[in-house]
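To start, the structure under review is shown below, and the notes come after it.
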Amino acid sequence: MDKICCIVLAAGAGKRMGGDLPKAIVQTREKALIDHLLDALQPLKPARTIVVAGHQQDLLKNHLSRSPSAAGHSIEIAIQDQQLGTGHAVRCALPALKDFKGTVLITYADHPLFTADTLALFASYHAFKKATVTMLSFKASPPNSYGRVIRDSGGNVLRITEAKDCTPEEALVSEANSGFYAVDSSFLKPAVEALTNNNAQGEYYLTDIVEKASKEGQTVAAFALANATEAAGVNTPQELAAVNTVLMEREIHSLQGDGVNFVDPKSCFIDAGIKIGNGTTLGPNVQLRGATSIGEGVCIEGTAIIKDSSIASRAIIKLGCHIEGAVVGEATSVGPFAHVRPGTKLGAHVRVGNFVETKNATLQDGAKASHLSYLGDCSVGKDTNIGAGTITCNYDGYRKATTSIGENVFIGSNSALVAPVKIGSGALIAAGSVVTQDVPPDALGIARAKQENKAGWEKARRSSLASSKPRSS
């Protein structure tokens, strides 16, 4: 295969995207648009990569100086001060080609879905056909805004006609031009310099080099995309959303290949770069956000949001949980309907049950809070049981205070632990207690009023109420 030089057209302003950034550095769910393309081109090992910059060119240059995707390229910047069409943009790149001899791959920064495999096949096809010009084409049902690939009766490519310049007959052609070309360097310079702007747009169309090559009897080839989705460009927020959907589908497909099970993949939202272990199952409506990692054999039942958290292997996240900024240990069970807030650290085999809320809480191995509790700014020792309705009263209206609970403690239901307070290991707190003082290890803590039973009191009350009830007329 010939040496390859890449031209990346990245001068567009992207006005329809909103804001004032160069369109090339608009962010997808993973990275900037241009970074996707640079990553796909990198395996071709281009001798040089010429980026044509224009609008807000300093922002683009700054991005490229910091981008890991750009680091694998020998990048040169060409400037297009006036937006006079794609042919003019390539003309601005010609001085940077200098004495280069080989294949020039012309690409667009706002096309992030081309894969490295596709571009490698494209370059190989161009070399195999010994073509002067090879285009990437794809099928698109009319009507559409793509340029049409026009062929003669023998199937030979004659030209590309832009959508606005099509005759009614040409507008019905379904073979469309993606805008990506492989061009012999010796043909490119004179062909681009000969371009005119006699068209509906008054622009210099790069597509006209195809007709020039055809008329000269040069070999013109078209490499048909197997997956037309790869040709998607980004010009509007709607198109960006569509690209993000494809990128997430690819990520989910990759995870499935690694042994992750999705009950309903279309309902899940997985941020880029999320790590999920083999044998994990994700139910419907699961969102994994930010810097989250999921171990092996985890079960997330569904309708869950997990953000910036670590979930260890064999954990079970039951229906309806919100977990953020937390660590969940091995074989630990959370939920259903639990709210695990930032700063929470759950050890192995911990149980945090339905309608339990934790915040800045550490529950060591084997600890349990199975129902209807709030545990904030506290530490809970190994194998301690927190009864239903227990709360740590961590805020007095001015400052936060902590609660320390030892190992093998039993906290009776409906208890309030008023921080700062310490419960020693092995202690038992009687149900319904409001604990305001430390409880020593192995002690019984009771903090409630003494029960008094008044015999016959309720029977007398009922009789009194019945005798005073007015008669109905």
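The values are calculated or read from the model by the stated rules, or taken from the named source; none is laboratory data. The structure presented is a predicted model; accordingly, all values stated were derived computationally and were not measured. Heads up, the Cβs are rebuilt from the backbone with ideal geometry, glycines too, and the neighbour counts pull from every protein chain shown.
Out of the residues in segment 141-154 meeting the condition of being part of a loop (DSSP other than H, G, I, E, B) and closer than 27 Å to ILE4 by Cβ, tell me which one is farthest from the chain's Cα centre (by Cα).
Within segment 141-154, the match that is farthest from the chain's Cα centre (by Cα) is GLY147.
Among the residues that make up segment 90-106, is at least one of them under 25 Å from the mean Cα position of the chain (by Cα) and more than 25 Å from VAL220 (Cβ to Cβ)?
no
May I ask you to say which residue of PRO265, PRO342 is surrounded by fewer than 19 Cβ atoms within 10 Å (Cβ to Cβ), modelled with pLDDT of 95 or more and in contact with a helix residue (DSSP H, G or I) (Cβ under 8 Å, 6 or more places away or on another chain)?
On inspection, the qualifying residue turns out to be PRO265.
Does GLU175 satisfy the criteria of being assigned by TED's automatic domain parsing to the domain that holds GLN82 and crowded, with 17+ Cβ neighbours inside 10 Å?
On the way: assigned by TED's automatic domain parsing to the domain that holds GLN82: yes; crowded, with 17+ Cβ neighbours inside 10 Å: yes.
It is true that GLU175 is assigned by TED's automatic domain parsing to the domain that holds GLN82 and crowded, with 17+ Cβ neighbours inside 10 Å.
How do the strands (runs of 3 or more DSSP E) wholly within segment 296-362 filter down when requiring 3 or more residues that are more than 22 Å from GLN256 (Cβ to Cβ): which remain?
322-324, 351-354
Confirm whether SER370 is among the small types (Gly, Ala, Ser) and closer than 13 Å to ILE317 by Cα.
It is false that SER370 is among the small types (Gly, Ala, Ser) and closer than 13 Å to ILE317 by Cα.
Would you be able to say whether some residue in segment 93-109 is in contact with a His (Cβ under 7 Å, 6 or more places away or on another chain), under 25 Å from GLU230 (Cα atoms), crowded, with 20+ Cβ neighbours inside 10 Å and at pLDDT below 95?
No - not one qualifying residue is present in segment 93-109.
Under 18 Å from GLU30 (Cα atoms), loosely packed, with under 13 Cβ neighbours inside 10 Å and either among the aliphatic types (A, V, I, L, M) or not assigned by TED's automatic domain parsing to the domain that holds ALA120 (or both): which single residue out of ALA242, ALA226, ALA272, ALA232 fits that description?
After applying the criteria, what remains is ALA272.
Kindly indicate whether ALA369 is surrounded by 22 or more Cβ atoms within 10 Å (Cβ to Cβ) and either on the phi > 0 side of the Ramachandran plot or under 36 Å from the mean Cα position of the chain (by Cα) (or both).
The answer is yes for ALA369.
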